[in-house]
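The values are calculated or read from the model by the stated rules, or taken from the named source; none is laboratory data. Given the structure is predicted, the values throughout are model-derived calculations rather than measurements. No Cβ is skipped: glycine too gets one built from the backbone with ideal geometry, and neighbour counts run over all protein chains shown. When the accessible area is computed, the model is the full protein with side chains, heavy atoms only, and any ligands, DNA or RNA have been set aside. Shrake-Rupley method; radii C 1.70, N 1.55, O 1.52, S 1.80 Å.
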Amino acid sequence: MPLNELVTDENIEEQAWRALENSILYYQGRPVGTVAAYDASVEALNYDQCFIRDFVSSALIFLIKGKTEIVRNFLEETLKLQPKERELDAYKPGRGLIPASFKVVCNNGEEYLEADFGEHAIARVTPVDSCLWWIILLRAYVVATKDYSIAYQPDFQNGIRLIMEICLANRFDMYPTLLVPDGACMIDRRMGIYGHPLEIQVLFYGALRGARELLICQGNQDIISAIDNRLPLLCAHIRQHYWIDIHRLNAIYRFKSEEYGKGAVNLFNIYVDSLPYYELDKWLPRKGGYLAGNVGPSQLDTRFFTLGNLMAIISDLATEEQSQAIMSLIEERWDDLVGDMPMKICFPALEHEEYRIVTGCDPKNIPWSYHNAGSWPVLMWMFAAAGVKTNKTGLARKTIEIAKTRLIEDEWPEYYDGKKGRLIGKQARKYQTWTIAGFLLAKELMDNPNYLSLVSFDELPPEAVSRACEFEIGSVEPYIP
């Protein structure tokens, strides 16, 4: 954009739409998704592929604008890539997985889609979140178009069922949460989030809610019963055990350890000295709070992870009181979590010896960069949706105002570095599609809050959640396929 050209909302949106349309990926003459980035200045690597998690923000803005064909094509084609048979080879993707990404390959004049289930990804990470986002997007498509027929097709019913079978199958774990390896979600590099990271649990909750709405009873009653059993348990578990505010911090501070039996209060045997109490005491506002990044044996990850907290608000996993407290925290700690470029993917960064041990000295995840507390503009749409949900739209508008001029001048980077997000990411791609779509989607949600229904749910009945709070950990009944 020429420096002397007047920057207005209209030409910013016009250029954003032009960039988004340039990113559309075509297969056999039909639009099927968007490439991760349209940056011709560097080697494409896998940025010329369509990533399932990346496409969600694009898909939602397409649905809002009535461009439903590309979303339907995407859902149909990715479903075809889902393995339907049990695989004996442990190096092959398991039945029911949705790929992390796909690309269009041409061979002897014939086009076909090549899926990547993590076999080619850095560190060969399994894309756990792809399955969950796929169901959430399918449900958004149905809400937008009022066309339940696509979800009721036998292949879609089978696809949803296979995903639920992975999520609800027998396992060694006895929590209602989903056990996953490190790097299985948006934070796809080693950041010490293995186990039960918040982001996956929130997406799991959203996928369970979506599947419950879309599955027809005939032939699926076993899955539906398993979902009905799991949802209140998962909801109660996250609300109770992941929540941190000053009152909860005081309780944890006085925990006893090495407790045995049903009367234990410190269920995860968290050791007092493992938590940065005095830092949290300074950082936590009196009326603010948030959901922890992870909970597990002797572990409470007190980092603030933005995607999980915002999606917990949007999906109604967080209570109304908790949702307001999360937004209050962001408002009170604006410079830390928003700064000069919305928003931090997590806070604070891992630094010094902790960074070296936890990340393995990852040069891309140096402190305050990339997934180690870098700033990701795509998170603006989730903040806008959370703002609508909590009647805090003024905060969301503020993030859009902060970002809009810089994003277009900086050519829509993937992420920003630095404690306040003032530096374009050291290895950030330009014209990153979900940066563009996230900005457009945030503006649309501000202009028409009714679009929140695409990704939001009604709250679970309070009596179901309260009953779940009475369950012991060992009483969670697994789904047995």
Just to confirm the filter: which chymotrypsin sites (Phe, Trp or Tyr not before Pro) across the range 56-127 are DSSP coil and have at most 14 other Cβ within 10 angstrom of their Cβ? Tyr91
Once amide H atoms are built 1.01 Å from N in the peptide plane, which residues 5 or more positions from Leu300, or in another chain, come under 5 Å H to H? none
Under a Cβ-Cβ cut-off of 10 Å, what is the net charge of the residues other than Asp155 that fall near it, where Lys and Arg count +1 and Asp and Glu count -1? +1
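Which trypsin sites (Lys or Arg not before Pro) from the range 321-364 combine a DSSP loop assignment with at most 16 other Cβ atoms within 10 Å?
When the trypsin sites (Lys or Arg not before Pro) of the range 321-364 are filtered for loop state and at most 16 Cβ neighbours within 10 Å, Lys364 remain.
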Using +1 on the beta carbon of Lys and Arg, -1 on that of Asp and Glu, and nothing else charged, what's the dipole of the chain about the Cα centre, debye to 20? 480
Just name one of Gln240, Ala140, Phe255: the one whose Cα is farthest towards the positive end of the charge dipole of the chain (beta-carbon charges, Lys/Arg +1, Asp/Glu -1). Phe255
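Accessible area of the range 3-459 with a 1.4 Å probe: how many percent of it is carbon plus sulfur?
C and S fraction of accessible area: 50 percent.
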Would you work out which of Pro276, Leu162, Pro93 lies farthest towards the positive end of the dipole of the chain, given +1 charges on the beta-carbon of Lys and Arg and -1 on that of Asp and Glu, about the Cα centre? Pro276
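For the range 107-190, report the translational diffusion coefficient in µm²/s to the nearest whole number, using Stokes-Einstein at 20 °C, 1.002 mPa s, and a Kirkwood Rh over Cα pairs. Please report the intermediate quantities before stating the final value.
On the way: Rh = 15.4 Å.
Answer from the Stokes-Einstein relation: 139 µm²/s.
Take the alpha carbon atoms of the range 339-410, find their radius of gyration, then divide it by 2.2 N^0.38 Å using N residues; give the quotient.
On the way: Rg = 14.6 Å, N = 72, 2.2 N^0.38 = 11.2 Å.
Here the answer is 1.30, to two decimals.
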For Glu87 and Ser453, extending 7 Å from Cα along the Cα-Cβ vector and measuring point to point gives, in nm, a value of 3.9
If you project the alpha carbons of the range 185-336 onto the principal axes, what extent comes out on each, in Å, largest first? 55, 42, 32
Mind giving me the FRET efficiency for Ser274 and Trp334? R0 is 35 Å, r the Cβ-Cβ distance, nearest 0.05 is fine. 0.80
Tell me, what HN-Hα J-couplings in whole Hz come from the Karplus equation 6.51 cos²θ - 1.76 cosθ + 1.60 at θ = phi - 60° for each residue of the range 400-408, using x for Gly and Pro? 5, 5, 4, 8, 4, 5, 5, 4, 6
From the phi of every residue in the range 39-51, what ³J(HN,Hα) in whole Hz does the Karplus formula 6.51 cos²θ - 1.76 cosθ + 1.60 yield, where θ is phi - 60° and glycine or proline is x? 10, 7, 7, 9, 4, 5, 6, 9, 6, 8, 9, 9, 8
Could you grab the relative contact order for the chain? Cα pairs under 8 Å, six or more apart, rounded to a whole percent. 17
Hey, if you drop one equal point scatterer on each alpha-carbon of the range 298-394 and run the Debye formula without solvent, what base-10 log of I(q)/I(0) do you get at q = 0.22, 0.24 Å⁻¹? -1.10, -1.22
Viscosity 1.306 mPa s, 10 °C: Kirkwood-radius Stokes-Einstein D of the range 13-121 over Cα pairs, µm²/s: 107
